[in-house]
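For reference, the structure discussed in these notes is given below.
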Amino acid sequence: MSPRGAPLIPYRLLFPLAALFALATVPLWLVIRDTSPAVTGAEWHGHEMLFGYAFAVIAGFLSTRPARTTAWIMAGTWLAARIAAASASDPLALIAGISFPATVFFVTAPPLFAGAKRPENRILPAILAGLVAADATWWAGKVWFGPLLQTHALLAATDLFALLLLLIGGRALRAAAGGHLERQGIARQDYRQRRYELPLALLAGGAALCDVLGLETIAGLLCTGAALLTAVRVIPWQLHRTLSHPHLWTLALGYLWLVPGLALKGISQFAGSIPATGMLHGIGIGALGTLTLVMMARTATLRAHKPVAYFSDIGSAAILVSIAALVRLLAPMAPAVQYWLLWIAALTWSSAFLVLLVRLWRTAQPDR
């Protein structure tokens, strides 16, 4: 989806790939789970939503240099990793599987390190390195050590993706909401916000380390602490003043999902009454799904030099993702109708990404 004559920046390939993958994979997984459960398990599903979908979005967002070769290498390694995850369990598959996150790290981390003038700006490349390590750990479980290690790797990866959203999403939302307040002549109250980033990094990063080591109780307490700190952080942003602007409240909705998402993961881990893997969807669907969907639409629209004011379609898509998150979180608690709830969540999720694909296609068309 690249306009004629425009440079093939990686997001022009990766955003449509990610959106199409998100649209198709969840219903496909439910079909395979019901018909051939031995083919792909929950470990594959969780891995592909994080490293197949979400990591592709992060790669497109962070890779801003107009290098046609880089874009095709990223797309090629992404495809190789998806094929390997679905079909193989040998050391060669491991190499193919980690080729995509490793490529993204080597393309995006050096500019991030070079441009880091403050300590908190070094957190992003560190998170990328952690995600490469988490993916390698997942593959080690797939090839040698079994599903338990894969589950630990996915819990840690969820913590790291949540931290990425806390930083990147927080900066984008704060800037957008703050600019809106200034245009409305309303005094801002958020000028000391960077002080939250290092504590959040310690909490979520510490949770990721504990999850890898199997220290679920400590990881749960750290995630709960991150949820509380995030709730305190957003109070000065005055997000209630964005409700009439879809390009703002959709960002706010995705970011606010981090509070219950982190809290649900944390409580399920230290309380032990509900499996933590079932509660990951507050982060994985509510926060990660909404924020990545909105950021793809915003990034593509702004880089095409088009206004983001007309965002009602993305507003509808964001609501659909939130419905999918709520239904998916309820599914384990209603076993009698769980099958139907899973399908409702899947189809609602896919409908949202169909809306996004239409938006990406229209945005890529040249102005008449």
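The values are calculated or read from the model by the stated rules, or taken from the named source; none is laboratory data. Since we're looking at a predicted model, the values are computed, not measured. A quick note on method: Cβ atoms are made from the backbone with ideal geometry, for glycine too, and the neighbour counts reach across all protein chains shown. For the accessible areas, the whole protein counts, side chains as well, though only heavy atoms, and no ligand, DNA or RNA atoms are used. Shrake-Rupley method; radii C 1.70, N 1.55, O 1.52, S 1.80 Å.
A few remarks follow.
- Some residue of region 311-332 being modelled with pLDDT of 85 or more, more than 27 Å from Leu160 (Cα to Cα), out of contact with any Lys or Arg (no Cβ under 9 Å at 6 or more places or on another chain) and not β-branched (Val, Ile, Thr): yes
- Conditions (1) over 25 Å from Phe51 (Cβ atoms); (2) aromatic (Phe, Trp, Tyr); (3) open to solvent by less than 10 Å² (accessible area, probe 1.4 Å); number of the one not met by Trp249: (3)
- The residue that is nearest to the chain's Cα centre (by Cα), among those in region 296-320 that are among the hydrophobic types (A, V, I, L, M, F, W, C) and open to solvent by less than 30 Å² (accessible area, probe 1.4 Å), is Met296.
- Pair list, Cβ under 9 Å, 6 or more apart: region 299-319 residue under 15 Å from Thr64 (Cβ atoms), other residue among the hydroxyl-bearing types (Ser, Thr, Tyr) and part of a helix (DSSP H, G or I): Thr299/Tyr11; Ala300/Tyr11; Ala300/Thr363; Arg303/Tyr11; Arg303/Thr363; Ala304/Thr363
- Scanning region 321-366 for residues being in contact (Cβ under 8 Å) with a residue 60 or more places away in the chain, under 30 Å from Arg12 (Cβ atoms) and open to solvent by 20 Å² or more (accessible area, probe 1.4 Å) gives a total of 7.
- Residue list for region 95-119, filter: out of contact with any Ser or Thr (no Cβ under 7 Å at 6 or more places or on another chain) and modelled with pLDDT of 90 or more: Ile95, Ala96, Gly97, Ile98, Pro101, Ala102, Val104, Phe105, Phe106
- Of all residues in region 114-133, those satisfying the criterion of being closer than 12 Å to Leu163 by Cβ and open to solvent by less than 40 Å² (accessible area, probe 1.4 Å) are Glu120, Ile123, Leu124, Ile127, Leu128, Gly130, Leu131.
- Qualifying residue in region 87-99 (condition: within 24 Å of Met296 (Cβ to Cβ) and touching a residue at least 60 places away in the same chain (Cβ under 8 Å)): no
- Of all the criteria given as (1) β-branched (Val, Ile, Thr); (2) in contact with an Asp or Glu (Cβ under 8 Å, 6 or more places away or on another chain); (3) surrounded by fewer than 18 Cβ atoms within 10 Å (Cβ to Cβ), the one not satisfied by Thr151 is (3).
- Residue within region 48-63 that is modelled with pLDDT of 90 or more, assigned to a helix (DSSP H, G or I) and more than 24 Å from Ile168 (Cβ to Cβ) present: no
- Of all the criteria given as (1) open to solvent by less than 10 Å² (accessible area, probe 1.4 Å); (2) over 21 Å from the mean Cα position of the chain (by Cα), the one not satisfied by Ser244 is (1).
- Helices (runs of 4 or more DSSP H) fully within region 77-165 that include at least 3 residues being β-branched (Val, Ile, Thr): 91-114, 123-140.
- Candidate set from region 83-110 (those that are among the polar types (S, T, N, Q) and closer than 13 Å to Val132 by Cα); member that is surrounded by the fewest Cβ atoms within 10 Å (Cβ to Cβ): Ser99
- Count of region 129-159 residues which are polar (S, T, N, Q) and more than 13 Å from Trp44 (Cα to Cα): 2
- Subset of region 215-228 (residues that are farther than 12 Å from Leu256 by Cα, assigned to a helix (DSSP H, G or I) and open to solvent by 10 Å² or more (accessible area, probe 1.4 Å)): Glu216, Thr217, Ile218, Leu221, Leu222, Thr224, Gly225
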